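Q: Submitted below is the structure of interest, expressed as structure tokens.
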Amino acid sequence: MTLKNAKLGMVIVDLQNDFLSSDGAYARGNTLSAEAVKLPERMAPVVRAIKGRGGLVTASLFTLWPDAKGEPMISAHLKERRPFLRKGDFAPGSRGQANVDLLSPLVDVSVFKVAYSAFFNTQLDWVLKKSGIDTLVVCGIVTNGGVASTVRDAHVRDYHVIVLSDGCAAFSESAHQAALADMGSVAEVMNSADFLKQLG
């Protein structure tokens, strides 16, 4: 594969303050992932390189929409796994919902999502198609959740997909590796150094 003539886009999956920051919801719930926290700094050079090639950088923002009483609408399976989530967490327009500070200025378009895939019930596909994107670079959290779902949805929409193996994290190394191996059937999986080398 050559990236020379590719029309590049990037999807950063859920690298948000409520997931990663020391004052975010997951830190409060003692569910902060040490591996995930490393991702913004690791991905910033990749994001800059893609932007330097004229690529479009998008991000998905997991969002808990408030109901009529202002309480977050949380899916039952998520509430069971993350009982610490409360009013204000991942709220639209909040600091917690926002992209982490390091990446925020580099993101061209953010879409709000309510489920695993960045494509489900969002305008991501419309934005990418309008921009002429044919090759999509994906990173973020979690490897076996939001990333894997986004990658498969990108594949069925006929994007050439590249997954950055060191740009993703899961809650266990075994889950991370298994998800990468599984995504290899629908995407190219490589580390960021190899990607940047191919990008030139």
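Q: So which residues in the range 120-147 are more than 23 Å from residue 17 (Cβ to Cβ) and not acidic (Asp, Glu)?
A: Hits for the range 120-147 are 126, 128, 129, 130, 131, 132, 133, 135, 136.
Q: Here is a further query. What pairs can you find where one residue is in the range 147-172 and closer than 17 Å to residue 34 by Cβ, the other is crowded, with 18+ Cβ neighbours inside 10 Å and among the hydroxyl-bearing types (Ser, Thr, Tyr), and their Cβ atoms are less than 7 Å apart, with a gap of 6+ or different chains?
A: Close Cβ pairs satisfying both conditions: 166/192; 167/192; 168/143; 169/143; 170/143.
Q: Here is a follow-up. Kindly establish whether residue 46 is surrounded by 14 or more Cβ atoms within 10 Å (Cβ to Cβ), in contact (Cβ under 8 Å) with a residue 40 or more places away in the chain and in a helix (DSSP H, G or I).
A: In short, yes.
Q: So, residue 17, is that one touching a residue at least 12 places away in the same chain (Cβ under 8 Å), over 28 Å from residue 132 (Cα atoms) and surrounded by 19 or more Cβ atoms within 10 Å (Cβ to Cβ) or not?
A: Yes, satisfied.
Q: Does the range 20-38 contain any residue that is buried (at least 21 other Cβ atoms within 10 Å of the Cβ) and within 14 Å of residue 199 (Cβ to Cβ)?
A: Within the range 20-38 (the criterion being buried (at least 21 other Cβ atoms within 10 Å of the Cβ) and within 14 Å of residue 199 (Cβ to Cβ)), the answer is no, since none of the residues qualifies.
Q: Considering only the range 56-73, state which residues are out of contact with any Asp or Glu (no Cβ under 9 Å at 6 or more places or on another chain) and not acidic (Asp, Glu).
A: 63, 65, 66, 68, 69, 70
Q: How many residues, within the range 85-99, are surrounded by 12 or more Cβ atoms within 10 Å (Cβ to Cβ) and either out of contact with any helix residue (DSSP H, G or I) (no Cβ under 6 Å at 6 or more places or on another chain) or over 21 Å from residue 40 (Cα atoms) (or both)?
A: Qualifying residue count, the range 85-99: 7.
Q: Would the range 54-62 turn up any residue that is surrounded by fewer than 16 Cβ atoms within 10 Å (Cβ to Cβ), in contact (Cβ under 8 Å) with a residue 24 or more places away in the chain and not in a loop (DSSP other than H, G, I, E, B)?
A: Looking through the range 54-62, none of the residues is surrounded by fewer than 16 Cβ atoms within 10 Å (Cβ to Cβ), in contact (Cβ under 8 Å) with a residue 24 or more places away in the chain and not in a loop (DSSP other than H, G, I, E, B).
Q: On the basis of being closer than 24 Å to residue 149 by Cβ, of a type in the set (Lys, Arg) and out of contact with any Pro (no Cβ under 8 Å at 6 or more places or on another chain), does residue 69 make the cut?
A: Spelling it out, it is not the case that residue 69 is closer than 24 Å to residue 149 by Cβ, of a type in the set (Lys, Arg) and out of contact with any Pro (no Cβ under 8 Å at 6 or more places or on another chain).
Q: In this structure, is residue 164 of a type in the set (A, V, I, L, M), closer than 30 Å to residue 26 by Cα, under 16 Å from the mean Cα position of the chain (by Cα) and assigned to a strand (DSSP E or B)?
A: Considered against the rule, which asks whether it is of a type in the set (A, V, I, L, M), closer than 30 Å to residue 26 by Cα, under 16 Å from the mean Cα position of the chain (by Cα) and assigned to a strand (DSSP E or B), residue 164 comes out as yes.
Read-outs throughout are calculated quantities, based only on the coordinates presented, and are distinct from any laboratory measurement. Treat the numbers as computed from the prediction; the structure is a model and nothing was measured. Glycine also receives a Cβ, built like all others from the backbone with ideal geometry; neighbour counts cover every protein chain displayed.
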